[in-house]
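Remarks on the structure that follows.
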Amino acid sequence: MNPLLMLTASELSQMLRAGEVSAREITAAHLDRIAAVDGDIHSFLAVDSERALATAEALDDRRAAGEELDELAGIPIAVKDLFCYTGLPTTAGSRILEGWRPPYNATLTERVLDAGLVVLGKTNLDEFAMGSSTESSGYGPTRNPWDRTRIPGGSGGGSAAALAAFEAPLALGTDTGGSIRQPASVTGTVGVKPTYGATSRYGVIAMASSLDTPGPCARTVLDAALLHRVIAGWDPRDSTSINAAVPDVVGAARRADVKGLRIGVVKEFGGEGYQPGVEQRFREALSVLEGLGAEIVEVSCPHFDYALATYYLIMPAEVSSNLARFDAMRYGLRVGDDGERSAEEVMSLTRGAGFGAEVKRRIILGTYALSSGYYDAYYGSAQKVRTLIVRDFEAAFEQVDVLVSPSTPTTAFGLGERIDDPLAMYKADLCTIPSNMAGNAAGSFPCGLSPDDGLPVGFQVMAPALADDRVYLVGAALEAELGRRWGGLLIDQLASREVSA
Ligand code: GLN
């Protein structure tokens with residue numbers, strides 16, 4: 001493996017600024033890596049080699065001319081194929097949008113481009129971000145670089161696998177119920193779901209609008225924070241965007257000090273259904289944090305037990321509305337338009353052919369939950385429980401600064417293992433969904449390999465809305481102390497396997 005691939009974005013940035021390497025060399029190394037491994041991993045749905053190299057060269061010229069550039073200028077990034085980007089087709093992982101080229105960029109795509117990051121390509125995802133394994137992608141699954149017979153998580157499995165396979169040092173994800181954190185957890189990488197509204201949804205293909213939250217994916221906490229700083233902040237084009245200062249996430253990632261911090265362990269997240277090795281690594285990480293001077297207490301959030309059920313009413317309701325726009329008239333696929341059939345027939349044939357099973361299941365569920373006579377029983381009740389979950393968080397954050405749990409109850413499961421069992425699939429997000437319900441900040445950080453199967457375990461940190469910096473603070477403290485014990489990052493253990501193989 002080219003040694004450049006194993007460096008963090010922050011290290012690459014220092015070398016770039018010191019003139020020790022060019023953006024072109026860095027980009028070329030990553031494109032070569034993608035060419036070598038992506039046939040098997042399948043992180044990417046599209047790669048844009050020519051544009052990436054041209055962008056990198058242009059940046060080298062600007063740097064040589066003495067221009068003041070962003071810290072991440074010249075660093076490659078992989079972008080989940082849910083973000084509109086005019087440079088490549090944007091498919092949302094769905095056949096219904098095959099080949100569709102958006103006429104505009106998402107705000108986050110634009111921010112990343114403005115900062116001089118080099119877009120390598122678009123990454124695979126479960127169709128319209130619905131899933132926990134990338135197996136629901138209309139373009140075939142992504143494999144987990146730790147074990148290629150296993151899932152890389154979902155929906156953002158492509159972005160997480162790209163990081164774990166050293167195809168990119170940074171990636172963009174979106175998290176509606178866990179799609180940044182769960183893939184990070186099962187690939188031994190870092191993923192943060194910022195506060196809802198802290199990152200713009202403009203130009204991000206909508207799944208469930210009251211939950212969707214774009215965010216950074218990386219291999220280190222500092223790298224995620226550097227990307228967070230680039231993408232976060234008010235956007236007048238998104239009506240739910242928060243007009244408030246972005247917390248100092250980079251400062252927090254550098255400080256990495258949890259002395260005196262009150263950490264609440266969510267009592268409800270453990271026991272039955274949790275893999276013993278996951279619980280073991282989680283407990284060990286807690287004692288690491290305690291050793292660093294944090295105060296650990298147990299906190300009960302009784303309504304978190306209902307979060308998954310609540311999510312599977314609210315999310316499909318929003319999905320059924322958001323996906324109505326794929327009507328064969330405006331975008332992408334059109335099936336059966338022979339001049340004889342009615343518009344309704346063409347819509348029905350197109351949606352029948354273009355959407356996969358999971359998307360159809362959710363549209364049907366959501367339409368049902370919203371239908372007259374059932375609205376109060378299902379959607380209305382779910383909204384009430386959502387409020388109770390928010391109140392659990394409020395009560396908890398009066399006692400503690402952050403809440404923690406395993407990111408996901410198990411390590412990466414096998415490809416094919418849960419795809420025909422939706423309820424088993426949905427349980428992957430048991431611990432991540434509450435933060436989407438409440439709109440607060442949460443992240444997943446590697447805390448070791450499970451002793452029962454040797455696969456990565458994720459440690460989740462949840463913080464109040466607009467206190468995203470606390471998520472980074474705890475993540476960075478954990479990363480630094482575990483790194484001292486392991487002699488590096490968890491993901492480096494995967495890289496060294498490849499070197500020794
Ligand atoms: N896995 C969850 C789902 O299937 C979360 C998806 C997401 O966050 N986009 O809905």
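Which members of the stretch 438-477 meet the condition of being over 23 Å from Arg262 (Cα atoms) and buried (at least 24 other Cβ atoms within 10 Å of the Cβ)? So that I can check it myself, show each step before the final result.
First, the residues of the stretch 438-477 that are over 23 Å from Arg262 (Cα atoms): 449-456.
Selection gives Pro456 alone.
Do the conditions hold for Gly121, that is, is it modelled with pLDDT of 95 or more, away from the ligand (no atom under 16 Å from the Cβ), closer than 19 Å to Trp100 by Cβ and open to solvent by 10 Å² or more (accessible area, probe 1.4 Å)? First the steps, then the outcome.
Working: modelled with pLDDT of 95 or more: yes; away from the ligand (no atom under 16 Å from the Cβ): yes; closer than 19 Å to Trp100 by Cβ: yes; open to solvent by 10 Å² or more (accessible area, probe 1.4 Å): no.
Against the criterion (modelled with pLDDT of 95 or more, away from the ligand (no atom under 16 Å from the Cβ), closer than 19 Å to Trp100 by Cβ and open to solvent by 10 Å² or more (accessible area, probe 1.4 Å)), Gly121 does not qualify.
Gly188 fulfils the conditions (1) within 16 Å of the ligand (Cβ to nearest atom); (2) over 23 Å from Tyr85 (Cβ atoms); (3) open to solvent by less than 10 Å² (accessible area, probe 1.4 Å); (4) not aliphatic (A, V, I, L, M) except for a single criterion, (1). Number of residues in the stretch 91-103 that are open to solvent by less than 20 Å² (accessible area, probe 1.4 Å) and in contact with a Leu (Cβ under 7 Å, 6 or more places away or on another chain): the value is 4.
Conditions (1) more than 12 Å from the ligand (Cβ to nearest atom); (2) within 23 Å of Leu494 (Cα to Cα); (3) modelled with pLDDT of 95 or more; (4) surrounded by 24 or more Cβ atoms within 10 Å (Cβ to Cβ), marked per residue:
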residue	(1), (2), (3), (4)
Asn105	yes, no, yes, no
Glu110	yes, no, yes, no
Glu127	no, no, yes, yes
Ser133	no, yes, yes, yes
Gly138	yes, no, yes, no
Ala164	yes, yes, yes, yes
Ile180	no, yes, yes, yes
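Just the residues that are modelled with pLDDT of 95 or more and crowded, with 19+ Cβ neighbours inside 10 Å, please, taken from the stretch 321-332. Once the filter is applied, which keeps residues that are modelled with pLDDT of 95 or more and crowded, with 19+ Cβ neighbours inside 10 Å, the stretch 321-332 yields Leu323, Phe326. Residue check: Ala206 meets all listed conditions (1) among the aliphatic types (A, V, I, L, M); (2) part of a loop (DSSP other than H, G, I, E, B); (3) open to solvent by less than 10 Å² (accessible area, probe 1.4 Å) but one, namely (3).
Pairs meeting the criteria (first residue in the stretch 300-320 and farther than 18 Å from Gly270 by Cα, second residue assigned to a helix (DSSP H, G or I) and within 11 Å of the ligand (Cβ to nearest atom), beta carbons under 6 Å, at least 6 apart or on different chains) are Tyr311/Ile433; Pro316/Arg362; Val319/Arg362.
Set side by side, the residues Arg391, Arg386 differ, and just one is closer than 30 Å to Val297 by Cβ, of a type in the set (D, E, K, R), open to solvent by 80 Å² or more (accessible area, probe 1.4 Å) and in contact (Cβ under 8 Å) with a residue 24 or more places away in the chain, which is Arg391. The residue pairs whose first member lies in the stretch 484-498 and is assigned to a loop (DSSP other than H, G, I, E, B), whose second member is open to solvent by less than 60 Å² (accessible area, probe 1.4 Å) and of a type in the set (Val, Ile, Thr), and whose beta carbons are closer than 7 Å, counting only pairs six or more residues apart or on different chains, are Leu489/Thr220. Please tell me if Leu286 is at pLDDT 95 or above, crowded, with 19+ Cβ neighbours inside 10 Å and either farther than 25 Å from Leu88 by Cα or of a type in the set (A, V, I, L, M, F, W, C) (or both). So Leu286 does not fit the description; no.
Does at least one position in the stretch 229-242 carry a residue that is within 16 Å of the ligand (Cβ to nearest atom) and either under 14 Å from the mean Cα position of the chain (by Cα) or among the charged types (D, E, K, R) (or both)? No, every residue in the stretch 229-242 fails to be within 16 Å of the ligand (Cβ to nearest atom) and either under 14 Å from the mean Cα position of the chain (by Cα) or among the charged types (D, E, K, R) (or both).
Filtering the stretch 423-480 down to residues that are polar (S, T, N, Q) and outside any loop (DSSP other than H, G, I, E, B), which residue is nearest to the ligand (Cβ to nearest atom)?
The selected residue is Asn436.
If you check Arg470, Arg418, Arg485 for being of a type in the set (Lys, Arg) and under 28 Å from Asn2 (Cα atoms), only one passes: Arg485.
Does the stretch 66-87 include one or more residues that are β-branched (Val, Ile, Thr), part of a loop (DSSP other than H, G, I, E, B) and open to solvent by 10 Å² or more (accessible area, probe 1.4 Å)?
Filtering the stretch 66-87 down to residues β-branched (Val, Ile, Thr) leaves 75, 77, 79, 86.
Remaining after also requiring part of a loop (DSSP other than H, G, I, E, B): 75, 86.
Pick out the ones that are also open to solvent by 10 Å² or more (accessible area, probe 1.4 Å) and you get 86.
Looking for residues that are β-branched (Val, Ile, Thr), part of a loop (DSSP other than H, G, I, E, B) and open to solvent by 10 Å² or more (accessible area, probe 1.4 Å), one finds at least one in the stretch 66-87, hence yes.
The single condition from (1) open to solvent by 10 Å² or more (accessible area, probe 1.4 Å); (2) within 11 Å of the ligand (Cβ to nearest atom); (3) within 22 Å of Asp70 (Cβ to Cβ) that Asp212 fails is (3). The single condition from (1) among the aliphatic types (A, V, I, L, M); (2) more than 16 Å from the ligand (Cβ to nearest atom); (3) surrounded by fewer than 23 Cβ atoms within 10 Å (Cβ to Cβ) that Leu226 fails is (3).
Every test in (1) closer than 25 Å to Val359 by Cα; (2) in a helix (DSSP H, G or I) is passed by Leu226 save one, and that test is (1).
Given the criteria in contact with a His (Cβ under 7 Å, 6 or more places away or on another chain), assigned to a loop (DSSP other than H, G, I, E, B) and among the polar types (S, T, N, Q), does Thr142 qualify? The answer is yes for Thr142.
The values are calculated or read from the model by the stated rules, or taken from the named source; none is laboratory data. Just so you know, these numbers come straight off a predicted model, no measurement behind them. We place every Cβ from the backbone using ideal geometry, glycine too, and count neighbours over all the protein chains shown. Areas reflect the complete protein model, heavy atoms only, side chains present, ligands, DNA and RNA absent. Shrake-Rupley method; radii C 1.70, N 1.55, O 1.52, S 1.80 Å.
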